[in-house]
Amino acid sequence: MTNAVEQSTIFGHPRGLVVLFFTEMWERFSYYGMRGLLIVYLTQHFLFSDERSSLLYGAYTALVFVMTIVGGVLADRYLGARKAVTFGAILLTLGHFGMTFEGDGSKQMLQYAGSEYQITLDARGGDARQLIVSDLGSSYVSFTETTMDIAEPEALGLPASIPRNQLTMSVVIQEGYLDILYLSLALIIAGVGFLKANISTIVGSLYGFGDVRRDSGFTIFYMGINLGAFMASIFCGYLGIVHGWKYGFGLAGFGMLLGLVIFLSCQSWLEGKAEPPSMEKLKEKVFLSINVEWFCYLAGLGIVAVSMLLVKNEELVGGILGPIGLIMLVGLVTYSWRRLEGDERSRMFAAIYFILAQIPFWALFEQAGSSLNLFTARLVDRDILGWSVPGPVFQSLNAGFIFLFAPLIAWLWVWLARRNANPSTPVKFAIGVAMAGLGFLVLVAGMKSSGDMGYTPVLFIFAIYWLHTMGELMVSPVGLSAITKLAPARIVGMTMGAWMLYYGLSNFLASIIARATGAETIGGQMTNIAAAKAGYIEVYSQVGYIAIGISVLMLLISPQINKLMRGA
């Protein structure tokens, strides 16, 4: 009580919360700013196919969350959260600024009748049109399944229509800049691994045991996360598409740099919280003149190297994370069966259920940054009040809806609880998965309403993001709360690590779903609207109905899961 009274506060909360709020806000600004542009950047700048772009995106997002386990362990045992966050922020800043080194990008080359031409785009994003360019001039071009049609063929001395079987196409890649991309992604993966989990730990350390301000403090902190995501999707998305990739990525990097400066310049506001568990241990020599602290930093660079190898060979990630996930599951079940008894064992089995039950939701929800992002850019009528809104900007809807509806949902649970009508945690999970599936079925209805060649009305993009956000509020905060209540205190850290691991696995599964929606692209833009829409309708219908089916099954077994929770 004495510490609480003497503690410097702002609006009744420790002033360190202000530091952490803005640090995390700018970290999330940088992450979501880059994330919103990444899939479009891969397909249009480096000319990756939709399939390869989706798999690389999924490998990246999966590794981001899996590496938080490593960063959390090193911070808990050696570095302490403050040093880990500082190191992570430095890596993130380097990674985001690395993304600005884009080069000239890959070139789509076309050979016809002994001459070579380049297919390029006249802009970025879904409004870009394909140009065929040679020394003689340029003209707009369009592709069908069988031909390449040229708007002004006389400018190039070519026929107006050329059968595609008479064309030879290839992609010339700037390998050096592609390696910079891989390195930048690896730095971001490692940076998030050291920062993400540990900054939340510092928030918790600001409040003593039983401090009634803790929940509201985390609520304020959570709003900082969504504020950063909301601003990033708008500003980085707009700059990257309208003015240039490097400007969008550069703004994301500047945001992270600002977060780092805030964190370093206000260290005293943390009042000694989140220091290393043992300074003596940290100074112990490990090898020659390298002490434990520097060994942890070298381990971080090792994470960068491993992550770069994996994003460079993205197809390996599923083969690695799958077995790790299986080993983790077997370990949790074995530990629960052998080391726990009675209520502890029962509750732990319930926690394992929730860890697994999150997978179908996140596999659909995380289409937002990959297949849904490309769909919005290419196949949606994005004109709002005369402005063609860049596709990545729509990712701000999720954070915006959280601002609007999270307080209402929180109030709803309290209101229902007072009337003994609050749904159980297993029921909320089932509803969340159902809403993820329903979102895609609503979008499919929008696609069908616009015909084979028409653009989907933008209203349906608002609808799917709203439904998915409502589902997120049923799964994410509810699931995290359940894990902390169900897992025994001595293994709650390991259980949270399992939650993050399976969240990462869900992201990779999301990339497999996204890959199935891939459309043919030439020069970075799709060639056939009707075929692309048919592919999206087929895949989104399947995952929508499967999710609804899974949610029904989850609803049926919810009474048994509720019994396992033993009143928690």
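Every number here is computed from the coordinates shown, using simple stated rules; none is lab data. Note that the structure is a prediction, hence the values are computed from the model and not measured. Counting neighbours? That spans all protein chains shown, and the Cβs are built from the backbone with ideal geometry, glycine included.
A cut-off under 13 angstrom between Cβ atoms defines the neighbours of Ser106, and their net charge, with Lys, Arg +1 and Asp, Glu -1, is -1. Loop-located GluC sites (Glu not before Pro) in the range 320-398 (DSSP state not H, G, I, E or B) with no more than 10 neighbouring Cβ atoms inside 10 Å: Glu341. Computed on the range 356-437, the Cα convex hull volume stands at 113 Å³ per residue. Between the helical axis of 245-265 and the longest alpha-carbon principal axis of the chain there is an angle of about 20 degrees.
Relative to one another, the C-alpha centroids of the range 262-297 and the range 201-256 are positioned 25 Å apart. By the count of neighbouring beta-carbon atoms within 10 Å, fewest first, Lys533, Lys281 end up ordered Lys281, Lys533. Using only the alpha-carbon atoms, how far is helix 342-365 inclined from the longest principal axis of the chain? Give it as 0 to 90 degrees, nearest 10. It is inclined by approximately 20 degrees. Please compare each pair in Lys83/Lys428; Lys83/Lys285; Lys107/Lys196; Lys107/Lys533 to a cut-off of 28 Å on the Cα-Cα distance and tell me which ones are over it. Pairs exceeding 28 Å: Lys83/Lys428; Lys107/Lys196. When Rg and the Kirkwood radius Rh are both evaluated on Cα atoms of the range 1-100, their ratio Rg/Rh stands at 1.12. Residues of the range 58-101 with an amide N closer than 16 Å to a point placed 7 Å from the Cα of Asn291 along the Cα-to-Cβ direction: 78-80, 83-84.
Using a 10 Å cut-off around each Cβ, can you sort Val85, Val171, Val64 from fewest to most neighbouring Cβ atoms?
Val171, Val64, Val85
Sorting the Cα pairs of the chain by distance into bins of 20 Å, from 0 upward, gives 20, 53, 23, 4, 0 percent per bin.
Where does the range 107-172 land on Rg/Rh, using Cα atoms and the Kirkwood Rh?
0.93
Legend: ranking of residues Ser506, Ser541 from fewest to most surrounding C-beta atoms inside 10 Å; resulting order Ser541, Ser506.
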